[in-house]
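See structure below.
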Amino acid sequence: MTAQKGKIVFCPQCGKEGIWDKENKFRPFCSERCKLIDLGNWANENYRVPIEENKDIPSNDESN
Ligand SMILES: [Zn+2]
């Protein structure tokens, strides 16, 4: 009998091989560090998104 291990995945952050296993809570990342780095990248990107959508909405505050 062969114990089926998780399949190999490549960490999106550092490209290192990792095992996709339910016990690997950082998947698809290889480690917590890579996961945090990726989350940090997302946070920075969100931070950079200017709030411009409101410009298209006419302000009706003074209509009444
Ligand atoms: Zn990694």
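Cys14: part of a loop (DSSP other than H, G, I, E, B), touching a strand residue (DSSP E or B) at 6+ places or on another chain (Cβ under 7 Å) and modelled with pLDDT of 85 or more, yes or no?
no
Restricted to the stretch 12-27, and to residues that are among the hydrophobic types (A, V, I, L, M, F, W, C) and near the ligand (Cβ under 10 Å from one of its atoms), which residue is least open to solvent (accessible area, probe 1.4 Å)?
Phe26
Would you pick out the residues in the stretch 17-57 that are β-branched (Val, Ile, Thr) and modelled with pLDDT under 90?
Within the stretch 17-57, Ile19, Val49, Ile51, Ile57 qualify.
For the stretch 1-11, what are the residues that are open to solvent by 70 Å² or more (accessible area, probe 1.4 Å) and either at pLDDT 85 or above or not in a loop (DSSP other than H, G, I, E, B) (or both)?
Within the stretch 1-11, Lys7, Ile8, Phe10 qualify.
The values are calculated or read from the model by the stated rules, or taken from the named source; none is laboratory data. From a predicted model like this one, the values you see are computed outputs, not experimental measurements. Methodologically, a virtual Cβ is constructed for each residue, glycine included, from the backbone with ideal geometry; neighbour enumeration extends over all protein chains shown. Ligands, DNA and RNA are excluded from the accessible area calculation, which covers all protein heavy atoms including side chains. Shrake-Rupley method; radii C 1.70, N 1.55, O 1.52, S 1.80 Å.
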